[in-house]
Amino acid sequence: MLIAWAAGGKMMQRIQTNAPIYSLAYNSRRQQLMAGYNRCVRVFRLISAEDAQQHGGGSDVLERRSVPCAEHVDVVGCIVSAEGRFYSAG
């Protein structure tokens with residue numbers, strides 16, 4: 001499960017992933033969160049306040065849709081974001 005928290009400790013959003021997450025990385029340049037699973041990586045896009053208001057004003061901060069990548073053959077235990085790119089290992 002992926003949970004987004006506000007600065008004050010309030011839970012903002014919960015996304016059921018149906019699998020354990022072993023690593024996370026944030027890319028501020030592209031406003032993305034990358035999650036490492038067993039043999040899979042998923043990229044979630046952050047929703048800006050402007051986008052949220054245009055789509056009904058919900059409190060979600062992450063798109064529930066994600067982009068999967070199944071290139072790994074084992075647990076993705078390390079994800080790094082540098083210079084606008086993601087690197088994953090495992």
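The numbers here are math on the coordinates, done by the rules we state, and not lab data. Since the structure is predicted, the reported quantities are computational estimates derived from the model, not experimental observations. Here the Cβ positions follow ideal geometry from the backbone for every residue, glycine too, while neighbour counts run over all protein chains shown.
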Study note, to complete from the structure: Here Rg/Rh (Cα, Kirkwood) for the chain equals 0.98
Check your understanding: Stretched out fully, how many nm does the piece from Arg29 to Cys78 gain, at 0.36 nm a residue minus the Cα gap?
Key -> 15.7 nm
Exercise for review: Can you list which of the GluC sites (Glu not before Pro) found in the chain are DSSP loop residues with at most 12 other C-beta atoms within 10 Å?
Suggested key: Glu71, Glu83
**Study point:** Residue-span extension gain [Ala7 to Glu63] - 0.36 nm each, minus C-alpha spacing
**Key:** 18.2 nm
Practice item. Figure the gain on full extension for Ile21 and Arg39 (residue separation times 0.36 nm, minus the Cα-Cα span) and round it to one decimal in nm. Key: 5.4 nm
